[in-house]
Amino acid sequence: MTRHAGFLVFLLGLAACSTAPAPRSHVVAVGSTRPSDLDTCINDAFTSMAGGWHMRFNVSMPDGTVTRSNGHLRIQPKAENRWIILRPNHVGTWVPFSEITNYGDGQLESIRLDAVSTTIFQERYTECHPPDASGRFKYVSTLMQGLPDGNAMHVTRTGWGSADYHYSFDVMEGAADPALYALRTRAGERESPPAE
């Protein structure tokens with residue numbers, strides 16, 4: 001046997017003795033792997049979130065500044081594919097703020113419900129994974145968003161949620177300038193129903 005053939009046999013022996021890497025214990029899978037209809041999954045996810053939420057936002061802007069905000073909202077299902085978002089007004093009364101509609105094929109639109117109705121966002125869902133055994137779902141979507149300075153940003157959003165918690169991470173890239181970017185996180189926690 002030549003020296004090269006012996007080395008090849010040695011390598012093959014090592015490969016036969018090696019084992020598959022152990023699964024990473026710190027990785028938690030979220031969202032079922034079973035097949036699902038995209039729009040049914042989206043509708044079920046939004047409807048499961050009906051009720052009150054405390055939302056917190058963090059944004060890392062292109063100029064390096066980081067801004068934080070938080071607020072409260074309620075999700076009210078109106079139909080199989082439509083939801084009303086309510087926010088408290090200046091005296092704390094819950095009033096309709098916007099309407100979200102799923103037009104099908106993962107295309108959602110949010111429109112403000114005020115005297116001058118305007119589109120807040122149009123979001124395209126590309127993935128939606130129904131809840132896994134723990135009750136958590138996952139989704140991926142894309143949308144365009146304008147910044148206060150007039151720049152348009154292409155947003156890729158990955159989100160995870162359950163009946164009581166929601167978290168999403170946005171990667172925002174300049175539509176005209178790929179070097180322009182921002183990052184945003186959104187976290188929500190269900191609020192206890194108000195006392196009657």
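The values are calculated or read from the model by the stated rules, or taken from the named source; none is laboratory data. All values derive from a computational prediction rather than experimental measurement. Note that we place each Cβ from the backbone using ideal geometry, even for glycine, and neighbour counts take in every protein chain shown.
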Original post:
Name the residues in region 49-81 that are outside any strand (DSSP E or B) and either more than 23 Å from residue 145 (Cα to Cα) or not acidic (Asp, Glu) (or both), would you?
Top reply: 49, 50, 61, 62, 64, 65, 80, 81
**OP:** Determine, yes or no, whether residue 162 is in contact with a strand residue (DSSP E or B) (Cβ under 9 Å, 6 or more places away or on another chain), of a type outside the set (Lys, Arg) and under 18 Å from residue 184 (Cβ atoms).
**Re:** no
**OP:** Report yes if residue 119 is at pLDDT 95 or above, under 26 Å from residue 99 (Cβ atoms) and either more than 12 Å from the chain's Cα centre (by Cα) or not hydrophobic (A, V, I, L, M, F, W, C) (or both), otherwise no.
**Re:** no
Original post:
Would a scan of region 81-103 turn up a residue that is of a type in the set (D, E, K, R), within 17 Å of residue 42 (Cβ to Cβ) and at pLDDT below 95?
Top reply: no
Original post:
So which residues in region 94-132 are touching a residue at least 60 places away in the same chain (Cβ under 8 Å) and out of contact with any Lys or Arg (no Cβ under 8 Å at 6 or more places or on another chain)?
Top reply: 104, 105, 125, 131, 132
**OP:** Among the candidates 149, 164, 170, single out the residue that is over 16 Å from the mean Cα position of the chain (by Cα) and either without any contact (Cβ under 8 Å) to a residue 60 or more places away in the chain or within 18 Å of residue 32 (Cβ to Cβ) (or both).
**Re:** 149
**OP:** Give me a count of the residues in region 82-131 that are assigned to a loop (DSSP other than H, G, I, E, B), touching a helix residue (DSSP H, G or I) at 6+ places or on another chain (Cβ under 6 Å) and surrounded by 15 or more Cβ atoms within 10 Å (Cβ to Cβ).
**Re:** 2
Original post:
If you check 46, 10, which single one turns out to be at pLDDT below 70 and assigned to a helix (DSSP H, G or I)?
Top reply: 10
**OP:** State which residue pairs qualify: first residue within 27 Å of residue 152 (Cα to Cα) and inside region 61-83, second residue assigned to a loop (DSSP other than H, G, I, E, B) and hydrophobic (A, V, I, L, M, F, W, C) in any location, beta carbons under 6 Å apart, and separation of 6 or more residues or different chains.
**Re:** 62/180
Subject >> Criterion violated by residue 37 - all others in (1) farther than 26 Å from residue 183 by Cβ; (2) touching a residue at least 24 places away in the same chain (Cβ under 8 Å); (3) more than 16 Å from the chain's Cα centre (by Cα) satisfied >> reply: (2)
**OP:** Read through the list (1) within 16 Å of residue 46 (Cα to Cα); (2) among the β-branched types (Val, Ile, Thr); (3) buried (at least 16 other Cβ atoms within 10 Å of the Cβ), then give the number of the only condition that residue 155 fails.
**Re:** (1)
**OP:** Could you look through region 157-174, keep only residues that are farther than 20 Å from residue 65 by Cα and of a type in the set (A, V, I, L, M, F, W, C), and pick out the one that is modelled with the lowest pLDDT?
**Re:** 163
